1. Which of the following residues is among the aromatic types (Phe, Trp, Tyr), over 17 Å from B:Phe72 (Cβ atoms) and modelled with pLDDT of 80 or more: A:Phe67, A:Phe29, A:Phe60?
2. Does A:Pro79 count as more than 7 Å from every other protein chain (Cβ to nearest Cβ) and at pLDDT 80 or above?
3. Residue under question is B:Gln81, and the condition is that it be facing another protein chain (nearest Cβ under 9 Å), modelled with pLDDT under 75, open to solvent by less than 80 Å² (accessible area, probe 1.4 Å) and farther than 30 Å from A:Phe98 by Cβ; does it hold?
4. Can you tell me which residue within the range A:63-76, out of those that are of a type in the set (Phe, Trp, Tyr) and facing chain B (nearest Cβ under 8 Å), is nearest to B:Met163 (Cα to Cα)?
5. What tally of residues in the range A:12-62 results from selecting those that are open to solvent by 70 Å² or more (accessible area, probe 1.4 Å), aliphatic (A, V, I, L, M) and within 13 Å of chain B (Cβ to nearest Cβ)?
6. Kindly check whether there is at least one residue in the range B:14-31 that is in contact with a Ser or Thr (Cβ under 6 Å, 6 or more places away or on another chain) and surrounded by fewer than 15 Cβ atoms within 10 Å (Cβ to Cβ).
7. Does at least one position in the range B:84-98 carry a residue that is at pLDDT 90 or above and either closer than 23 Å to B:Ile42 by Cβ or assigned by TED's automatic domain parsing to the domain that holds B:Leu35 (or both)?
8. For the range B:43-55, name all the residues that are surrounded by fewer than 20 Cβ atoms within 10 Å (Cβ to Cβ) and touching a residue at least 12 places away in the same chain (Cβ under 8 Å).
Amino acid sequence: MLIEYLPIAILLVISTGLAALIVWIGNTFGPRRPTLRKSLPYESGMNPIGPGTRRMPVRFYLVAVLFILFDIEVVFFLPWAIVFRQLGLFGLIEMFVFIFILLVGYVYAWKKGALEWE
Amino acid sequence: MTALQIIFLITAVITLGAAAMVVITRNLVHAALWLIMTFFGISVLYVLLNAGFLAVAQVVIYIGAISILMIFAIMLTRRVQQDFGPQTNAAWPWALVIAAALFGGLIWIFSGWGNFFTQAPVMGERADPLRQLGMALVSPEQYVIPFEVASVMLTAALIGAIMVAWERK
């Protein structure tokens, strides 16, 4: 049973090892000629505007909360979807009630304009 | 020692070490990153317990969403830019003492409970926890009410977040 997870473990080891290897090779063999321009924080090739760690607008918080809520919704869907055919009509109605209650909040968020990025 | 025990010990050490770093480190962003490491260790523990769905849910919800929310919440605060001085909190021995006392107290209380030392029954090889969970979620004898109440709670959280964070134009 645990052998099923072996591919994930191998992927984890390879990705971690590869990342470490690339950083190590770059640090060991790469030439170092720092200039002021190179030491600046990278901001898509432009001159950086302000410090790198500035305060974020509260809008990001809203996006993160919305993401969590829909994420949890999906996690509830998954076990239901696996046994969907055995549950029959009753399970379908239950899920419709679940979705309907969430739809109320969704419509509220939509009407309020929380889903738009101004 | 079996391979399972060795994997468990490594995972437990990494999880506990990362959890300790969450409270020891001074930089809140670093603490959030260590917390992700802890969540990941817990997800591996779920895998060891043959609870694959919980492991996936742990990665998707806790690592994917909640830690991102925490990092955003940290970045909303004003003092995040300060990254000077030692990286460990000076009061960490006190935190250690208090946490150890709490842990000991909890163990002491729980050890009075009769079933404390009984092992959980082992699931059969053929058992499908995800299928059982799906059946239990919508069956009236089991968890249908909590399931529906969860959607009410999610809606309340959604509306609450909009109330808190929505900016009037």
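1. A:Phe29
2. no
3. yes
4. A:Phe67
5. Qualifying residue count for the region: 2.
6. No - not one qualifying residue is present in the range B:14-31.
7. Yes; the residues of the range B:84-98 include at least one that is at pLDDT 90 or above and either closer than 23 Å to B:Ile42 by Cβ or assigned by TED's automatic domain parsing to the domain that holds B:Leu35 (or both).
8. The answer is B:Leu45, B:Tyr46, B:Leu48, B:Asn50, B:Ala51, B:Gly52, B:Phe53.
The values are calculated or read from the model by the stated rules, or taken from the named source; none is laboratory data. Being a predicted model, the structure only gives us computed values, none of them experimental. Quick reminder, even Gly has a Cβ in these numbers, built from the backbone with ideal geometry, and neighbours come from all protein chains shown. SASA here: full protein model, heavy atoms, side chains in, ligands and nucleic acids out. Shrake-Rupley method; radii C 1.70, N 1.55, O 1.52, S 1.80 Å.
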